[in-house]
Amino acid sequence: MQSRRDRWQEDIFVACPLSDLVPDDHILKRVDRVLDLDWLHDEVADCYCQNNGRPSIDPESALRLMLAGFLEGIVHDRKLMSRAQTDLAFRWFIGYRLDEKLPDHSSLTRIRQRWGAERFRKVLLRTVQSCIDAGLVDATTVHVDATLVRADVSWASLTTQYADQVIDENADEDDQPPPPKPGRSSKKVAKKKKRSTTDLDATMATGSKKHRLEPTFKQHTAVEDKSGVIVDIAVDTGETSEGKQLLDQIDRIEQNTGVAITTITADAGYAHAQNYGPLESDGVNAIIPPQRVAIKTKGLQKLPARRFKYDAYRDTIKCPNGKYLTRKSRATGTNGYWYRARSCDCSQCPLRTRCFSTKARVRSILIVDHFPALLRARRRKEKGWDEQTRQLYDRHRWRVEGVHGRAKAHHGLGRAARRGLDNVATQAYLTAAVMNLKVLAKATATKLFAFWRLVGPPYGPIKLHTAPTTPKQIAA
C-alpha cells in the first residue's frame, strides 16, 4: 500500500540517547573508544582564569571539535561549525546536546592562539604513547621523509625582495662600499628571492625541477615500521634542507618513544656525509641511497673530482698523475677542509690544462667531514643491497610516502589552512594525531573482534552473515 509521510511534522522530544543515532562503525565512534583526554584540563589550566570571568568553552569539547574536523578533512573553522550544526555524530562526539548552541567559529582561532603550537604537539605525543601502550609501535626501524605544504597565500601577494635597495635607502654616505679596482669586476649580485607579503614565514620551494617554485612550508615526518604510526612531526620553512634535520629528528624520535633506533630509511635527499658519519658511529643501519655523481655535459675534458682518490688512513688525496694533495685549511662556511697540491707538481703536470683553469696555480679539492662514511655508503650501494635492505627501502616508499599522500588527500594537508609557521605546525600536529587515532582504533577493533569470537560479546554471540546454502535457508 502506498503511503505518504508528512515531512513538516517535527518531534518535540527525542526518546532515545543521541549515541543510538550514531552507527557503531562510524569513524567518530570508533575513535571515541580509544581517545583519552583526561589530561587536557590540567595541561591548559594556566591559559584560563580559574576564579573569575565568563565560563569558557570546554577545552576537551574544543579539541574534540578540531579532531572531528581533521578526521573528515575539514580544516576551515566556518565549514567545520556548519557541519557540526547539522551532523548528529559531531554533536555527540563533542558532547553537545541537540538544543545547545555551538561555539562561534572565531572561538577556535582564539583557543589555538591561546594554547600555542607546543600543546598541540603534546596531543600528538599522547597518541604516540597510546599506540605504544597498545603494542603497535616498533621504533627500532623508522622511515623518515619530508613533504612540501602549499602556503595559504595567493600568487598576487608575491614580491621580490631587494636587500641592496633597503641598504641603499638606510645607509649613510660614509658607509658606501668602495668602487671595484680597475680591471676587476664587482662581486656577483645575489639572486633575488620572492616572498609573500601576507605570510612572511613561507618560502619559495619545489619538490621537482619540472615544477615551478611555490610559497611552501616543509613537514618532516617519521613513521615507525610496524603499524605506520607517526612518531614525530616537525614543520619548517620550505627552503630548509631535510638532510640537515635528520640527526635532530632522530633525537626527538628516541625521546618520544623511549627506544633506540637501529635502522632508519630515507631517500637521497638525506644522503650527506654529515648524516652517514654519526649514524655509522652510533651503530645505526642507515638505508639511504647515495646521490648520483653529477656528470657535466659541458667541459668534458676537465678532470672531475671523482678521479682523485682519497686515502683516509694517510689523510691525503692522490691525483690521476700520481701526485698527492695534502690538507691545508678549513673551508669557510662549510664542514670540510681544502686539500691542495704543490706548485712544483702542478707546474710540470701534463694534465694541467685539463685539471684546472689557467688563473689558478694548483688544484684544490674540498673534502667534507665524515667523507669516508659517504664512500662506504656508495660502495655498499654499488655492490648491491641485500634482500632485507631492499625490502626495508620498499617499505619506506609506501609507509612514510603513503602517510603524506593520505594526509593530503583525506585530511586537508595539501594546503595550509592558516598563515604563519605556528599555525601550519598546529595543522600538521592535529593531522598526524588523527591518523594515529585511526590506526589505534582499527587495531583495537580488530583485537576486540578476535576476543569476542572466543568468549562472546556482552550483548550476545556474534552472528557472521554468510550466504544461504541449504534449501531451508534459501526459503527463509
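Does the stretch 311-320 include one or more residues that are over 19 Å from residue 288 (Cβ atoms), assigned to a helix (DSSP H, G or I) and either modelled with pLDDT of 90 or more or over 38 Å from the mean Cα position of the chain (by Cα) (or both)? Taking every residue of the stretch 311-320 in turn, none turns out to be over 19 Å from residue 288 (Cβ atoms), assigned to a helix (DSSP H, G or I) and either modelled with pLDDT of 90 or more or over 38 Å from the mean Cα position of the chain (by Cα) (or both).
With respect to the conditions (1) at pLDDT 85 or above; (2) assigned to a loop (DSSP other than H, G, I, E, B), residue 16 falls short on a single one, namely (1). Residue check: residue 207 meets all listed conditions (1) over 21 Å from residue 292 (Cβ atoms); (2) assigned to a loop (DSSP other than H, G, I, E, B) but one, namely (1). Of the candidates 137, 153, the single residue that is within 30 Å of residue 253 (Cβ to Cβ), touching a strand residue (DSSP E or B) at 6+ places or on another chain (Cβ under 7 Å) and at pLDDT below 95 is 137. Condition check for residue 57 on (1) without any contact (Cβ under 8 Å) to a residue 24 or more places away in the chain; (2) in a loop (DSSP other than H, G, I, E, B): one failure, at (1). Just one of the listed residues (361, 292) is assigned to a loop (DSSP other than H, G, I, E, B) and under 30 Å from residue 140 (Cα atoms), and it is 292. Does the stretch 314-325 contain any residue that is farther than 20 Å from residue 274 by Cα, of a type in the set (Asp, Glu) and not assigned by TED's automatic domain parsing to the domain that holds residue 272? The answer is no; no qualifying residue exists.
Taking the criterion of being part of a helix (DSSP H, G or I) and in contact with a Leu (Cβ under 9 Å, 6 or more places away or on another chain), the only residue of the stretch 365-393 that qualifies is 373.
Would you be able to tell me the number of residues in the stretch 23-47 that are touching a residue at least 60 places away in the same chain (Cβ under 8 Å) and surrounded by fewer than 16 Cβ atoms within 10 Å (Cβ to Cβ)? Here the count works out to 6. If you go through the stretch 29-53 and keep only what is farther than 21 Å from residue 121 by Cα and either modelled with pLDDT of 90 or more or within 30 Å of the chain's Cα centre (by Cα) (or both), you end up with 29, 30, 33.
Considering the stretch 13-61 alone, what residues qualify as being touching a Pro at 6+ places or on another chain (Cβ under 9 Å), closer than 18 Å to residue 96 by Cβ and not basic (Lys, Arg)? Listed by number, the residues that qualify are 37, 40, 41, 57, 61.
Within the stretch 91-101, is there a residue that is of a type in the set (D, E, K, R), within 21 Å of residue 436 (Cα to Cα) and surrounded by 11 or more Cβ atoms within 10 Å (Cβ to Cβ)? No, the stretch 91-101 contains no residue that is of a type in the set (D, E, K, R), within 21 Å of residue 436 (Cα to Cα) and surrounded by 11 or more Cβ atoms within 10 Å (Cβ to Cβ). Scan the stretch 259-275 and tell me whether some residue there is assigned by TED's automatic domain parsing to the domain that holds residue 388, aliphatic (A, V, I, L, M), crowded, with 17+ Cβ neighbours inside 10 Å and within 14 Å of the chain's Cα centre (by Cα). Yes, the stretch 259-275 contains at least one residue that is assigned by TED's automatic domain parsing to the domain that holds residue 388, aliphatic (A, V, I, L, M), crowded, with 17+ Cβ neighbours inside 10 Å and within 14 Å of the chain's Cα centre (by Cα). When 137, 75 are checked against the criterion of being within 28 Å of residue 54 (Cα to Cα), outside any strand (DSSP E or B), touching a residue at least 12 places away in the same chain (Cβ under 8 Å) and β-branched (Val, Ile, Thr), 75 stands alone in meeting it. Checked against (1) within 15 Å of residue 421 (Cβ to Cβ); (2) assigned to a helix (DSSP H, G or I); (3) aliphatic (A, V, I, L, M), residue 247 meets all criteria but (1).
The values are calculated or read from the model by the stated rules, or taken from the named source; none is laboratory data. All figures in this text were calculated on a predicted structure; none of them were measured in a lab. Positions of Cβ are generated from backbone atoms using ideal geometry, with glycine treated the same way; all protein chains shown enter the neighbour counts.
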